[in-house]
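Read the structure below first, then the notes.
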Amino acid sequence: LQVVEGRTCSAESAFSARPSSRRSIDLPGLPVGPVRAVVGDFGAREAKERRQGCCRTRRILLDSDDDMSLAEEQHQPPAPAVPAAGPLPDAVTEEELMSTGHELPEGHTCPLCCLPIALPVARHSSLETCCMKTVCHGCILASRKRGMGKICAFCRTPTAHSDASILAQVRKRVDARDPVATEFLAGAYYRGNYGLQQDIPRAIELWTEAALLGNLIAHFNLGRMYFKGEGVEKDVARGIRHWQHAAFQGHPESRYLLGLHECYEGSHEQAVQHWMISAKMGDDDSLNKIKEMFMERHATKAQYAEALKGYQNALQETKSPQREEAKAFFNSLRER
Ligand SMILES: [Zn+2]
Ligand SMILES: [Zn+2]
(Lines give C-alpha, C1' and ligand atoms only; values in the text may rest on other atoms or scores of the structure.)
(Ligands and ions follow the chains in the order given, each with its own letter.)
Protein backbone atom coordinates (compact mmCIF):
# COMPACT_ATOMS: atom_id res chain seq x y z
CA LEU A 1 0.00 0.00 0.00
CA GLN A 2 1.20 3.42 -0.90
CA VAL A 3 1.00 5.88 1.97
CA VAL A 4 0.91 9.59 1.32
CA GLU A 5 1.55 11.89 4.24
CA GLY A 6 0.53 15.47 4.77
CA ARG A 7 -2.22 16.10 2.23
CA THR A 8 -5.59 17.59 2.95
CA CYS A 9 -7.20 16.02 -0.06
CA SER A 10 -7.23 12.37 -0.81
CA ALA A 11 -7.18 11.11 -4.34
CA GLU A 12 -9.67 8.86 -6.01
CA SER A 13 -10.87 7.13 -2.87
CA ALA A 14 -12.57 10.37 -1.92
CA PHE A 15 -14.10 10.82 -5.34
CA SER A 16 -15.64 7.40 -5.18
CA ALA A 17 -17.06 7.91 -1.75
CA ARG A 18 -20.20 9.90 -2.22
CA PRO A 19 -23.09 7.91 -3.62
CA SER A 20 -25.50 10.76 -3.84
CA SER A 21 -28.69 9.04 -4.68
CA ARG A 22 -30.99 6.80 -2.76
CA ARG A 23 -30.28 3.33 -1.57
CA SER A 24 -32.91 0.90 -0.44
CA ILE A 25 -32.66 -0.34 3.11
CA ASP A 26 -35.39 -2.53 4.53
CA LEU A 27 -36.48 -1.52 7.98
CA PRO A 28 -38.61 -4.34 9.37
CA GLY A 29 -41.81 -3.16 10.96
CA LEU A 30 -41.46 0.38 9.72
CA PRO A 31 -44.93 1.84 9.95
CA VAL A 32 -44.56 4.43 7.21
CA GLY A 33 -44.92 3.20 3.66
CA PRO A 34 -42.68 5.30 1.46
CA VAL A 35 -39.59 5.15 3.62
CA ARG A 36 -38.05 2.44 1.47
CA ALA A 37 -36.34 5.01 -0.67
CA VAL A 38 -35.50 7.29 2.18
CA VAL A 39 -33.09 6.15 4.74
CA GLY A 40 -30.56 5.57 2.11
CA ASP A 41 -27.48 7.43 3.07
CA PHE A 42 -25.70 5.06 5.38
CA GLY A 43 -23.14 4.08 2.76
CA ALA A 44 -22.39 7.71 2.15
CA ARG A 45 -22.04 8.34 5.85
CA GLU A 46 -19.63 5.44 6.31
CA ALA A 47 -17.60 6.65 3.38
CA LYS A 48 -17.66 10.14 4.81
CA GLU A 49 -16.40 8.93 8.15
CA ARG A 50 -13.62 7.07 6.40
CA ARG A 51 -12.77 10.17 4.45
CA GLN A 52 -12.75 12.34 7.53
CA GLY A 53 -10.50 9.82 9.21
CA CYS A 54 -8.14 10.07 6.26
CA CYS A 55 -8.00 13.80 6.58
CA ARG A 56 -7.53 13.81 10.31
CA THR A 57 -4.62 11.44 10.28
CA ARG A 58 -3.36 12.67 6.92
CA ARG A 59 -2.51 9.17 5.89
CA ILE A 60 -4.13 8.27 2.66
CA LEU A 61 -3.98 4.77 1.33
CA LEU A 62 -4.19 5.54 -2.32
CA ASP A 63 -4.75 2.06 -3.62
CA SER A 64 -6.96 0.74 -0.83
CA ASP A 65 -9.84 2.70 -2.38
CA ASP A 66 -13.35 2.45 -1.10
CA ASP A 67 -14.24 -1.11 -0.11
CA MET A 68 -17.80 -0.61 -1.25
CA SER A 69 -16.77 0.14 -4.82
CA LEU A 70 -14.32 -2.75 -4.65
CA ALA A 71 -17.16 -5.09 -3.78
CA GLU A 72 -19.20 -3.59 -6.57
CA GLU A 73 -16.38 -4.20 -9.03
CA GLN A 74 -16.09 -7.82 -7.95
CA HIS A 75 -19.73 -8.40 -8.75
CA GLN A 76 -19.50 -6.82 -12.17
CA PRO A 77 -20.34 -9.11 -15.07
CA PRO A 78 -17.23 -10.10 -17.02
CA ALA A 79 -16.00 -7.68 -19.70
CA PRO A 80 -19.16 -5.66 -20.22
CA ALA A 81 -19.53 -3.65 -23.39
CA VAL A 82 -18.70 -0.02 -22.76
CA PRO A 83 -21.79 2.07 -23.45
CA ALA A 84 -21.55 4.93 -25.89
CA ALA A 85 -20.78 8.24 -24.22
CA GLY A 86 -23.41 10.95 -24.42
CA PRO A 87 -22.54 14.40 -25.70
CA LEU A 88 -19.95 16.23 -23.64
CA PRO A 89 -21.63 18.85 -21.44
CA ASP A 90 -20.93 22.43 -22.54
CA ALA A 91 -17.77 23.97 -21.17
CA VAL A 92 -18.10 26.76 -18.61
CA THR A 93 -15.45 29.31 -17.77
CA GLU A 94 -14.07 29.45 -14.27
CA GLU A 95 -15.69 32.83 -13.80
CA GLU A 96 -19.10 31.49 -14.80
CA LEU A 97 -18.59 28.45 -12.60
CA MET A 98 -17.77 30.51 -9.53
CA SER A 99 -20.48 33.13 -10.06
CA THR A 100 -23.35 30.75 -10.85
CA GLY A 101 -25.07 27.85 -9.12
CA HIS A 102 -25.20 29.31 -5.61
CA GLU A 103 -28.84 28.35 -5.12
CA LEU A 104 -30.05 24.80 -4.51
CA PRO A 105 -31.75 23.33 -7.59
CA GLU A 106 -35.29 22.06 -8.00
CA GLY A 107 -35.76 18.82 -6.10
CA HIS A 108 -34.09 20.25 -3.01
CA THR A 109 -37.34 21.92 -1.96
CA CYS A 110 -40.24 19.95 -0.55
CA PRO A 111 -43.27 20.38 -2.85
CA LEU A 112 -45.64 20.30 0.13
CA CYS A 113 -44.16 22.63 2.76
CA CYS A 114 -42.02 24.52 0.22
CA LEU A 115 -38.96 24.60 2.51
CA PRO A 116 -35.50 23.60 1.31
CA ILE A 117 -34.50 20.08 2.39
CA ALA A 118 -31.33 19.71 4.50
CA LEU A 119 -28.35 17.97 2.89
CA PRO A 120 -27.89 15.18 2.16
CA VAL A 121 -31.42 15.23 0.78
CA ALA A 122 -31.82 11.43 0.89
CA ARG A 123 -31.38 11.43 4.66
CA HIS A 124 -34.15 13.96 5.25
CA SER A 125 -36.74 13.08 2.64
CA SER A 126 -38.48 10.31 0.79
CA LEU A 127 -38.71 9.86 -2.95
CA GLU A 128 -42.27 8.96 -3.87
CA THR A 129 -41.87 6.58 -6.79
CA CYS A 130 -45.45 7.13 -8.00
CA CYS A 131 -44.93 10.79 -8.90
CA MET A 132 -41.13 11.06 -8.37
CA LYS A 133 -41.56 13.88 -5.90
CA THR A 134 -39.07 14.24 -3.08
CA VAL A 135 -41.16 14.91 0.03
CA CYS A 136 -39.53 15.93 3.31
CA HIS A 137 -39.80 13.71 6.37
CA GLY A 138 -41.80 16.40 8.14
CA CYS A 139 -44.55 16.20 5.55
CA ILE A 140 -44.36 12.38 5.40
CA LEU A 141 -44.92 12.18 9.14
CA ALA A 142 -47.69 14.79 9.05
CA SER A 143 -49.44 12.83 6.30
CA ARG A 144 -49.15 9.65 8.34
CA LYS A 145 -50.59 11.35 11.40
CA ARG A 146 -53.60 12.33 9.32
CA GLY A 147 -54.13 8.62 8.69
CA MET A 148 -52.69 8.73 5.18
CA GLY A 149 -49.59 6.64 5.79
CA LYS A 150 -50.45 4.18 3.04
CA ILE A 151 -50.75 6.67 0.22
CA CYS A 152 -48.29 9.07 -1.37
CA ALA A 153 -48.12 12.30 0.62
CA PHE A 154 -48.06 14.26 -2.64
CA CYS A 155 -50.29 12.56 -5.23
CA ARG A 156 -52.24 10.17 -2.94
CA THR A 157 -51.45 7.09 -5.02
CA PRO A 158 -51.44 3.95 -2.84
CA THR A 159 -47.86 3.24 -1.77
CA ALA A 160 -46.07 0.44 -3.61
CA HIS A 161 -44.51 -2.02 -1.18
CA SER A 162 -42.76 -4.74 -3.18
CA ASP A 163 -39.64 -4.30 -5.27
CA ALA A 164 -41.63 -5.35 -8.33
CA SER A 165 -44.40 -2.80 -7.82
CA ILE A 166 -41.90 -0.01 -7.08
CA LEU A 167 -39.98 -0.88 -10.25
CA ALA A 168 -43.21 -0.99 -12.25
CA GLN A 169 -44.03 2.55 -11.12
CA VAL A 170 -40.53 3.74 -11.91
CA ARG A 171 -40.40 2.12 -15.36
CA LYS A 172 -43.69 3.73 -16.29
CA ARG A 173 -42.15 7.12 -15.51
CA VAL A 174 -38.94 6.19 -17.33
CA ASP A 175 -41.02 5.43 -20.43
CA ALA A 176 -42.51 8.90 -20.08
CA ARG A 177 -38.92 10.27 -20.05
CA ASP A 178 -39.01 11.41 -16.44
CA PRO A 179 -35.43 12.44 -15.55
CA VAL A 180 -35.74 11.59 -11.83
CA ALA A 181 -37.15 8.13 -12.57
CA THR A 182 -34.44 7.49 -15.15
CA GLU A 183 -31.76 8.42 -12.63
CA PHE A 184 -33.45 6.27 -9.99
CA LEU A 185 -33.47 3.23 -12.29
CA ALA A 186 -29.81 3.84 -13.17
CA GLY A 187 -28.96 3.77 -9.46
CA ALA A 188 -30.94 0.57 -9.00
CA TYR A 189 -28.98 -1.13 -11.82
CA TYR A 190 -25.71 0.23 -10.47
CA ARG A 191 -26.27 -1.21 -7.01
CA GLY A 192 -28.30 -4.22 -8.10
CA ASN A 193 -31.22 -3.51 -5.80
CA TYR A 194 -35.03 -3.67 -6.10
CA GLY A 195 -34.51 -7.24 -7.28
CA LEU A 196 -32.43 -6.20 -10.29
CA GLN A 197 -29.22 -7.91 -11.33
CA GLN A 198 -26.35 -5.43 -11.10
CA ASP A 199 -25.71 -4.06 -14.58
CA ILE A 200 -23.23 -1.19 -14.71
CA PRO A 201 -23.34 -0.62 -18.49
CA ARG A 202 -27.14 -0.31 -18.25
CA ALA A 203 -26.70 2.10 -15.32
CA ILE A 204 -24.39 4.25 -17.39
CA GLU A 205 -26.80 4.24 -20.33
CA LEU A 206 -29.61 5.36 -18.06
CA TRP A 207 -27.50 8.00 -16.33
CA THR A 208 -26.52 9.30 -19.75
CA GLU A 209 -30.19 9.49 -20.70
CA ALA A 210 -31.14 11.17 -17.42
CA ALA A 211 -28.30 13.67 -17.82
CA LEU A 212 -29.59 14.53 -21.30
CA LEU A 213 -32.97 15.14 -19.68
CA GLY A 214 -31.26 17.59 -17.32
CA ASN A 215 -30.91 15.51 -14.15
CA LEU A 216 -28.05 16.84 -12.02
CA ILE A 217 -27.57 13.68 -9.93
CA ALA A 218 -27.03 11.80 -13.19
CA HIS A 219 -24.31 14.29 -14.14
CA PHE A 220 -22.78 13.86 -10.69
CA ASN A 221 -22.74 10.07 -11.04
CA LEU A 222 -21.46 10.11 -14.62
CA GLY A 223 -18.72 12.40 -13.33
CA ARG A 224 -17.71 9.77 -10.79
CA MET A 225 -17.78 6.96 -13.36
CA TYR A 226 -15.66 8.82 -15.92
CA PHE A 227 -13.31 10.19 -13.29
CA LYS A 228 -12.62 6.71 -11.95
CA GLY A 229 -13.02 4.84 -15.22
CA GLU A 230 -15.65 2.56 -13.75
CA GLY A 231 -17.66 0.81 -16.48
CA VAL A 232 -16.42 3.39 -19.00
CA GLU A 233 -13.07 4.36 -20.39
CA LYS A 234 -11.42 6.62 -17.83
CA ASP A 235 -11.75 10.25 -18.87
CA VAL A 236 -10.95 12.64 -16.03
CA ALA A 237 -11.69 15.75 -18.11
CA ARG A 238 -15.13 14.45 -19.03
CA GLY A 239 -15.81 13.51 -15.43
CA ILE A 240 -14.97 17.03 -14.31
CA ARG A 241 -17.08 18.49 -17.10
CA HIS A 242 -20.10 16.60 -15.74
CA TRP A 243 -19.46 17.93 -12.21
CA GLN A 244 -19.02 21.45 -13.55
CA HIS A 245 -22.29 21.20 -15.44
CA ALA A 246 -24.10 20.08 -12.26
CA ALA A 247 -22.35 22.55 -9.94
CA PHE A 248 -23.12 25.36 -12.37
CA GLN A 249 -26.80 24.59 -11.82
CA GLY A 250 -26.50 24.38 -8.06
CA HIS A 251 -25.64 20.75 -7.26
CA PRO A 252 -23.69 21.01 -3.98
CA GLU A 253 -22.19 17.50 -4.01
CA SER A 254 -20.67 18.12 -7.45
CA ARG A 255 -19.33 21.45 -6.20
CA TYR A 256 -17.75 19.66 -3.26
CA LEU A 257 -15.94 17.23 -5.59
CA LEU A 258 -14.71 20.07 -7.80
CA GLY A 259 -13.20 21.61 -4.68
CA LEU A 260 -11.58 18.34 -3.78
CA HIS A 261 -10.13 18.04 -7.26
CA GLU A 262 -8.74 21.59 -7.17
CA CYS A 263 -7.26 20.93 -3.75
CA TYR A 264 -5.61 17.77 -4.96
CA GLU A 265 -4.17 19.68 -7.90
CA GLY A 266 -2.72 22.20 -5.43
CA SER A 267 -5.15 25.02 -6.37
CA HIS A 268 -6.11 25.81 -2.80
CA GLU A 269 -7.67 29.16 -3.61
CA GLN A 270 -10.10 27.63 -6.15
CA ALA A 271 -10.82 24.78 -3.76
CA VAL A 272 -11.82 27.25 -1.03
CA GLN A 273 -13.98 29.18 -3.51
CA HIS A 274 -15.89 26.02 -4.44
CA TRP A 275 -16.30 24.86 -0.86
CA MET A 276 -17.39 28.34 0.24
CA ILE A 277 -20.29 28.11 -2.22
CA SER A 278 -21.34 24.58 -1.24
CA ALA A 279 -20.89 25.23 2.50
CA LYS A 280 -23.27 28.18 2.19
CA MET A 281 -25.78 25.81 0.55
CA GLY A 282 -25.65 23.68 3.70
CA ASP A 283 -23.02 21.07 2.81
CA ASP A 284 -21.18 20.11 5.99
CA ASP A 285 -18.37 18.29 4.19
CA SER A 286 -17.49 21.53 2.42
CA LEU A 287 -17.56 23.43 5.70
CA ASN A 288 -15.22 20.86 7.26
CA LYS A 289 -12.86 21.19 4.33
CA ILE A 290 -12.68 24.96 4.77
CA LYS A 291 -11.92 24.39 8.42
CA GLU A 292 -9.07 22.08 7.47
CA MET A 293 -7.82 24.61 4.95
CA PHE A 294 -7.91 27.28 7.65
CA MET A 295 -5.93 25.05 10.00
CA GLU A 296 -3.38 24.49 7.26
CA ARG A 297 -3.29 28.22 6.45
CA HIS A 298 -4.76 27.88 2.99
CA ALA A 299 -7.88 29.79 4.10
CA THR A 300 -8.21 32.81 6.37
CA LYS A 301 -10.07 32.95 9.64
CA ALA A 302 -12.52 35.37 8.01
CA GLN A 303 -13.20 32.83 5.25
CA TYR A 304 -13.87 30.10 7.77
CA ALA A 305 -16.16 32.41 9.74
CA GLU A 306 -18.02 33.35 6.53
CA ALA A 307 -18.46 29.70 5.58
CA LEU A 308 -19.67 28.77 9.06
CA LYS A 309 -22.20 31.59 9.15
CA GLY A 310 -23.46 30.77 5.66
CA TYR A 311 -23.74 27.09 6.52
CA GLN A 312 -25.68 27.84 9.70
CA ASN A 313 -28.06 30.16 7.83
CA ALA A 314 -28.70 27.51 5.19
CA LEU A 315 -29.35 24.90 7.85
CA GLN A 316 -31.70 27.23 9.71
CA GLU A 317 -33.80 27.69 6.58
CA THR A 318 -34.45 23.95 6.43
CA LYS A 319 -35.87 23.74 9.94
CA SER A 320 -39.52 23.60 10.98
CA PRO A 321 -41.31 22.18 14.04
CA GLN A 322 -42.83 19.48 11.82
CA ARG A 323 -39.37 18.43 10.64
CA GLU A 324 -37.91 18.42 14.14
CA GLU A 325 -40.65 16.06 15.20
CA ALA A 326 -39.98 13.84 12.19
CA LYS A 327 -36.26 13.83 12.91
CA ALA A 328 -36.84 12.51 16.41
CA PHE A 329 -39.29 9.94 15.03
CA PHE A 330 -37.00 8.63 12.27
CA ASN A 331 -33.96 8.61 14.56
CA SER A 332 -35.84 6.47 17.06
CA LEU A 333 -36.71 4.04 14.23
CA ARG A 334 -33.09 3.76 13.17
CA GLU A 335 -31.97 3.05 16.71
CA ARG A 336 -34.39 0.17 17.09
ZN1 LIG B 1 -42.23 19.19 3.45
ZN1 LIG C 1 -46.97 10.32 -5.56
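The values are calculated or read from the model by the stated rules, or taken from the named source; none is laboratory data. All values derive from a computational prediction rather than experimental measurement. Glycine also receives a Cβ, built like all others from the backbone with ideal geometry; neighbour counts cover every protein chain displayed. For accessibility, only protein heavy atoms count, side chains too; no ligands or nucleic acids. Shrake-Rupley method; radii C 1.70, N 1.55, O 1.52, S 1.80 Å.
List of remarks:
- Enumeration of residues in region 92-111 that are more than 16 Å from ligand 1 (Cβ to nearest atom) and either touching a residue at least 12 places away in the same chain (Cβ under 8 Å) or touching a His at 6+ places or on another chain (Cβ under 6 Å) (or both): V92, E94, E96, L97, M98, T100, G101, H102, E103, P105
- Conditions (1) under 26 Å from I240 (Cα atoms); (2) not in a helix (DSSP H, G or I): number failed by R297: (1)
- Checking each residue in region 240-262 for being in a helix (DSSP H, G or I), open to solvent by 10 Å² or more (accessible area, probe 1.4 Å) and of a type outside the set (F, W, Y) picks out I240, R241, Q244, H245, E253, H261, E262.
- Number of the condition not met by G231 [criteria: (1) touching a residue at least 60 places away in the same chain (Cβ under 8 Å); (2) assigned to a helix (DSSP H, G or I)]: (2)
- Some residue of region 89-104 being crowded, with 23+ Cβ neighbours inside 10 Å and not in a strand (DSSP E or B): yes
- Among (1) surrounded by 23 or more Cβ atoms within 10 Å (Cβ to Cβ); (2) more than 29 Å from Y226 (Cβ to Cβ) - the single one Q169 does not satisfy: (1)
- Unique match (being within 16 Å of ligand 1 (Cβ to nearest atom), touching a residue at least 24 places away in the same chain (Cβ under 8 Å) and either under 21 Å from M281 (Cα atoms) or not aromatic (F, W, Y) (or both)) among C130, C114, C155: C155
- Residue check for Y256: under 25 Å from A307 (Cα atoms) and within 21 Å of the chain's Cα centre (by Cα): yes
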